[in-house]
Amino acid sequence: MTLRPQATVSHDLTPITQPAAQRGISIHWLINIGGNVAVFVPLGAAVALAQSGRPARTRVLWGVASGAILSALIEGLQMLQPTRVSSLGDWALNTFGALIGALAVILVTRKGHSS
């Protein structure tokens, strides 16, 4: 999705965006903000899970770092594509998504240990 022309991506997402728009949900919010965050939540969670046995702070740091690095690589590749737009905002939202995923793992695993 990240290296294809924007028009193609928008068209491919029509089954999701059209019903949302009919319900008053902003397509910009759904794709640019919601999408950038949601896509990186699983990465942050997976990396935090892979770091089991380490302190929570370290697990979160690795989860966030993995999201930030992967997103930076994607945004860098997008700069080389004339049909794509690289964005610091996308990088920040992707990194935030990884943070949410890593924190969710910490919260769920702590809750599981306290039961």
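Throughout, read-outs are computed from the coordinates displayed, never taken from laboratory work. Here the structure is a predicted model, which means the values were calculated and not measured. Counting neighbours? That spans all protein chains shown, and the Cβs are built from the backbone with ideal geometry, glycine included.
Structural descriptor for region 6-114: relative contact order 35 percent, calculated from alpha carbon pairs under 8 angstrom and at least 6 residues apart. Packing around the peptides 21-34, 47-60, taken as the average count of other Cβ atoms within 10 Å per residue, puts them in this order, highest first: 47-60, 21-34.
Charged neighbours of residue 109, selected by a Cβ distance under 12 Å, balance to +4 (K, R count +1; D, E count -1). Taking the Cα centre of the chain as origin and assigning +1 to Lys and Arg Cβ atoms and -1 to Asp and Glu Cβ atoms, the resulting dipole is close to 440 debye.
Counting each DSSP H run of 4 or more residues in the chain as -39500 (n - 2.57), what helix-only mean residue ellipticity at 222 nm follows after dividing by all residues, to the nearest 500 deg cm²/dmol? Helix-only estimate at 222 nm: -24000 deg cm²/dmol.
Rounded to the nearest Hz, the phi-derived 3J(HN,Hα) couplings of region 31-45 under the Karplus curve 6.51 cos²θ - 1.76 cosθ + 1.60 (θ = phi - 60°) are 7, 6, 8, x, x, 4, 6, 4, 5, 9, 4, x, 5, x, 5, where x marks glycine and proline.
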